[in-house]
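The values are calculated or read from the model by the stated rules, or taken from the named source; none is laboratory data. It should be emphasised that the depicted structure is a prediction, and the values quoted were computed from it without experimental measurement. Here the Cβ positions follow ideal geometry from the backbone for every residue, glycine too, while neighbour counts run over all protein chains shown.
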Amino acid sequence: MGDQKSGSVAKYFGAQLAKERKKAKLSMLALSEITGINNAHLGRIERGERNPTTHVARKLDEAFYPDTDETPFTELYEASRSWISAPLRNWTEYERAARYLWVWSPGIIDGLLQTEDYARAFLRTHPGATEESITARLAGRMARQQHALYRDDAPEVTFLVDLVALWRGVGSPEIMADQLDHVLEVASLPNVTMQLVPPVAHPGTGSELIIADGTAAYVEHLASGAVYTEVSMVTHLARIFASVRNECGGTAAQTRRVIKRAGAKWRTGGSRASQVRMGRA
């Protein structure tokens, strides 16, 4: 039933978008240029293949109803939220409203920490990835970073960084060195806590996990990603995050030194994965 509701919302919103676009005699590319939204993503929304978001609805109102107080797309989107069950809503709704975020990604630098070059190189490893899809995902990833880390009222963010990720080559050694420099910069932000997870057995190796305010959780694995809001499930996932965090050691200064040494190693040509070890201050 939840999937049917979600699909109905997307199809209805898409139909309204198609109606307004054709009435305005705009091509998809022209609408993309006006709104700043990737034209392929707009196409998927119009075909009912993607659910709308607050950002998309607002941009469409600005495009079709400039210099007016009319906001039909935003109103439609707000009304549609009651049609979609909470677990099926877009993850960004929770992430953008969160007061704190817990971020863990096994074996790779998480998307909220990635440089554009690192993210692009990683996205290119996905089977069937096109330059168009990579560009769209990259734009979304960079927008998430700005909102989660750099806005005035940014949430408190705790990153658990897998030590293995410091040595797993993504792209060139130069990309890795720049990536770790960026991780260090983010670690110094006043709203960020960063810890390194050593290469030991723990229950968090099976998936990416993000907790928002203890009320919503996003889990991504090889098959799919899902948003959970049931109290029992969010509590269970928060315990897994706490279990991974319990394996972390060292002070903030020690964490930064380990990251800095790894970056320096990449600048001299990289290192074999077998050389991964927990640095000691």
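With touching a Ser or Thr at 6+ places or on another chain (Cβ under 9 Å), of a type in the set (G, A, S) and in the same structural domain as D153 (by TED's automatic domain parsing) as the only criterion, which of A217, A212 stands out?
A217
So how many residues does the stretch 160-179 have that are in contact with a helix residue (DSSP H, G or I) (Cβ under 8 Å, 6 or more places away or on another chain), of a type in the set (D, E, K, R) and within 28 Å of P203 (Cα to Cα)?
Total satisfying the criteria: 1.
What are the pairs, 6+ residues apart or on separate chains, where a residue within the stretch 1-28 that is modelled with pLDDT of 80 or more has its Cβ under 7 Å from a residue that is part of a loop (DSSP other than H, G, I, E, B) and charged (D, E, K, R)?
Pairs found: G14/R47.
Using beta carbons and a limit of 7 Å, which pairs, at least six apart or on different chains, have the first residue in the stretch 192-214 and hydroxyl-bearing (S, T, Y) and the second one assigned to a strand (DSSP E or B)?
From residues that are hydroxyl-bearing (S, T, Y), the pairs are T193/T158; S207/V219; S207/E220.
Test S133 against the criterion of being surrounded by 15 or more Cβ atoms within 10 Å (Cβ to Cβ) and of a type in the set (G, A, S), and give yes or no.
yes
List pairs: first in the stretch 51-64 and touching a residue at least 24 places away in the same chain (Cβ under 8 Å), second of a type in the set (G, A, S) and part of a helix (DSSP H, G or I), Cβ under 7 Å, 6+ apart or cross-chain?
Listed by first residue and then by second, the contacts come to N51/S6; N51/A10.
Would the stretch 93-102 turn up any residue that is at pLDDT 90 or above, touching a helix residue (DSSP H, G or I) at 6+ places or on another chain (Cβ under 7 Å) and under 26 Å from L196 (Cβ atoms)?
Within the stretch 93-102 (the criterion being at pLDDT 90 or above, touching a helix residue (DSSP H, G or I) at 6+ places or on another chain (Cβ under 7 Å) and under 26 Å from L196 (Cβ atoms)), the answer is yes, since at least one residue qualifies.
Residue by residue, here is whether (1) among the charged types (D, E, K, R); (2) part of a strand (DSSP E or B); (3) out of contact with any Cys (no Cβ under 9 Å at 6 or more places or on another chain) holds:
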{"position": "T205", "(1), (2), (3)": "no, no, yes"}
{"position": "I210", "(1), (2), (3)": "no, yes, yes"}
{"position": "Y218", "(1), (2), (3)": "no, yes, yes"}
{"position": "A223", "(1), (2), (3)": "no, no, yes"}
{"position": "V227", "(1), (2), (3)": "no, yes, yes"}
{"position": "S232", "(1), (2), (3)": "no, no, yes"}
{"position": "H236", "(1), (2), (3)": "no, no, yes"}
{"position": "R239", "(1), (2), (3)": "yes, no, yes"}
{"position": "V244", "(1), (2), (3)": "no, no, yes"}
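What number goes with the only condition from (1) assigned to a helix (DSSP H, G or I); (2) touching a helix residue (DSSP H, G or I) at 6+ places or on another chain (Cβ under 8 Å) that V157 does not pass?
For V157, the exception is condition (1).
Can you say whether V170 is assigned by TED's automatic domain parsing to the domain that holds W102, in contact with a Phe, Trp or Tyr (Cβ under 8 Å, 6 or more places away or on another chain) and either outside any loop (DSSP other than H, G, I, E, B) or closer than 14 Å to Q114 by Cα (or both), as far as the supplied structure shows?
yes
I need a count of the residues in the stretch 141-180 that are over 29 Å from G269 (Cβ atoms) and in contact with a Gly (Cβ under 9 Å, 6 or more places away or on another chain).
Count: 1.
Quick test of your reading of the structure: A136 fulfils all but one of (1) in contact with a helix residue (DSSP H, G or I) (Cβ under 6 Å, 6 or more places away or on another chain); (2) within 18 Å of A97 (Cα to Cα). Name the failing condition by number.
Condition (2) is where A136 drops out.
Which residues, counting only those in the stretch 7-23, are exposed (fewer than 15 other Cβ atoms within 10 Å of the Cβ), of a type outside the set (K, R) and more than 15 Å from P72 (Cα to Cα)?
Of everything in the stretch 7-23, just one residue is exposed (fewer than 15 other Cβ atoms within 10 Å of the Cβ), of a type outside the set (K, R) and more than 15 Å from P72 (Cα to Cα), namely S8.
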